[in-house]
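What follows is one structure encoded as structure tokens, with my remarks underneath.
The values are calculated or read from the model by the stated rules, or taken from the named source; none is laboratory data. Predicted, not measured: the structure shown is a model, and the values here were computed from it. Using ideal geometry, Cβ is built from the backbone for each residue, glycine included, and neighbour counts are taken over all protein chains shown. Surface accessibility is based on the protein's heavy atoms, side chains included, excluding ligands, DNA and RNA. Shrake-Rupley method; radii C 1.70, N 1.55, O 1.52, S 1.80 Å.
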Amino acid sequence: MKKDDCIFCRIANGEIPSKTLYEDRDFRVILDLGPATKGHALILPKEHAADLYELPEELAASVFVLAKKMAVRMTERLQCDGMNLVQNNGEAAGQTVSHFHVHIIPRYAGDGQKISWVPGKPAQEELEAVKRQIAE
Ligand code: AMP
Ligand code: ZN
């Protein structure tokens, strides 16, 4: 279902114009209006899902296949040196638009952008406790 007050629903369904790179029954891929680098694109499902938690499994599966196709094509066309796929869920994780999307960010040697974190140094016991929390 599409949500009338959701900007990405409206873009994905063609009600608001966008720089569309690709479209099929389920998805539209557009250029990000505030690109991290040249070619920064967003994959938007046409159906509304706020985030990964709400995304139907079939779309979760097919979005990665599409991300791969776009990454290959964009790398050929843009001659970039690498590619980041970024997908934020929730405000704490940096999500600013509450409609699931995958960022495809072409990377160029020396582009000065950073997608990074400060690595922790957990003790083995800590890792073991987290493993148990998730896996058991
Ligand atoms: P996120 O922080 O993961 O929610 O990313 C939202 C992204 O959407 C940002 O990179 C914005 O630059 C981008 N964005 C917001 N509004 C638009 C729009 N109308 N068209 C294209 N990109 C947009
Ligand atoms: Zn939406």
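Just a few scattered comments:
- Candidate set from the range 91-136 (those that are of a type in the set (Ser, Thr, Tyr) and within 16 Å of ligand 2 (Cβ to nearest atom)); member that is surrounded by the fewest Cβ atoms within 10 Å (Cβ to Cβ): THR96
- Options ASN84, ASN88: the member that is open to solvent by 30 Å² or more (accessible area, probe 1.4 Å) and closer than 17 Å to PHE8 by Cβ: ASN88
- Residue match in the range 97-109 (condition: in a helix (DSSP H, G or I) and either in contact (Cβ under 8 Å) with a residue 40 or more places away in the chain or in contact with a Leu (Cβ under 6 Å, 6 or more places away or on another chain) (or both)): no
- Flag: PRO119 does not match the condition of being assigned to a strand (DSSP E or B) and modelled with pLDDT of 95 or more.
- Strands (runs of 3 or more DSSP E) completely within the range 7-88 that count 1 or more residues being of a type in the set (Phe, Trp, Tyr): 20-23, 27-31
- The numbered conditions (1) among the aliphatic types (A, V, I, L, M); (2) exposed (fewer than 15 other Cβ atoms within 10 Å of the Cβ); (3) in contact with an Asp or Glu (Cβ under 9 Å, 6 or more places away or on another chain) are all true for ALA12 except (2).
- Residue match in the range 73-87 (condition: within 30 Å of MET1 (Cα to Cα), within 16 Å of ligand 2 (Cβ to nearest atom) and at pLDDT 95 or above): yes
- When SER18 is tested against (1) surrounded by fewer than 16 Cβ atoms within 10 Å (Cβ to Cβ); (2) touching a strand residue (DSSP E or B) at 6+ places or on another chain (Cβ under 7 Å), exactly one condition is not met: (1).
- Selection within the range 25-39: residues that are over 22 Å from ALA92 (Cα atoms) and touching a residue at least 40 places away in the same chain (Cβ under 8 Å). The member of this set that is nearest to the chain's Cα centre (by Cα) is VAL29.
- Residue among ILE43, ILE7 that alone is touching a helix residue (DSSP H, G or I) at 6+ places or on another chain (Cβ under 7 Å) and of a type in the set (A, V, I, L, M, F, W, C): ILE43
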